[in-house]
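Read the figures in this text as sums done on the coordinates, not as results from a lab. A quick note: this is a predicted structure, and the numbers were derived from the prediction, not measured. Note that we place each Cβ from the backbone using ideal geometry, even for glycine, and neighbour counts take in every protein chain shown.
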Amino acid sequence: MKQIYLYLACLLLSLAVHAEKGPRAKADKAMVKEGSVRFKFNNLAPAAAHKDSVLIIFDRCNHTGAGIVYKVYAADQDRNITVEGIPAGKYYVTIQGLGIHRSRTETIVRVRAQKNHQLAISLEDSEEFTKDKVIIPSSNTDLSSLAILSMK
């Protein structure tokens, strides 16, 4: 039994000697460089109305990770959303509306260190559903004009 423990200890020691620093040590330097992105929407409801919100997902273009998922945002009074603290790099950005606007937009954004990137997003016109605005057209079906099929 002592030989097995001695063999395992030697094996772990030899692996520890040959180990190198992984990509995590290199990525820490890149994390220090951060930027921000400001999204300007043309017709998003402001945060005070509590009727529109947006899910923003950042995914790196170099396929090194599953992506950086940010939280759900509500626009300020100027219909802007600012996302800060994004590591510098190139990203696929997915913007999904969760309120009145249900549209989905995808774009590519380059984030530079200590820079504020501005992106204008235009959303389709949308209306809030209310019972008063529903119009059901009347239709009359003439049953005498329907074709009758006979089975043999």
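Overview of results
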| quantity | calculated |
| --- | --- |
| Per-residue HN-Hα couplings for segment 108-118 [Karplus 6.51, -1.76, 1.60; θ = phi - 60°; Hz; x = Gly/Pro] | 10, 10, 9, 9, 10, 5, 6, 10, 10, 8, 10 |
| Qualifying trypsin sites (Lys or Arg not before Pro) in segment 77-115, DSSP loop, other Cβ atoms within 10 Å at most 15 | Arg102, Arg112, Lys115 |
| Gain on full stretching of the segment that runs from Ser122 to Asn62 - 0.36 nm per residue minus C-alpha separation | 18.9 nm |
| Stretchable slack from Leu13 to Val134, in nm (0.36 nm times residue separation minus alpha-carbon distance) | 36.1 nm |
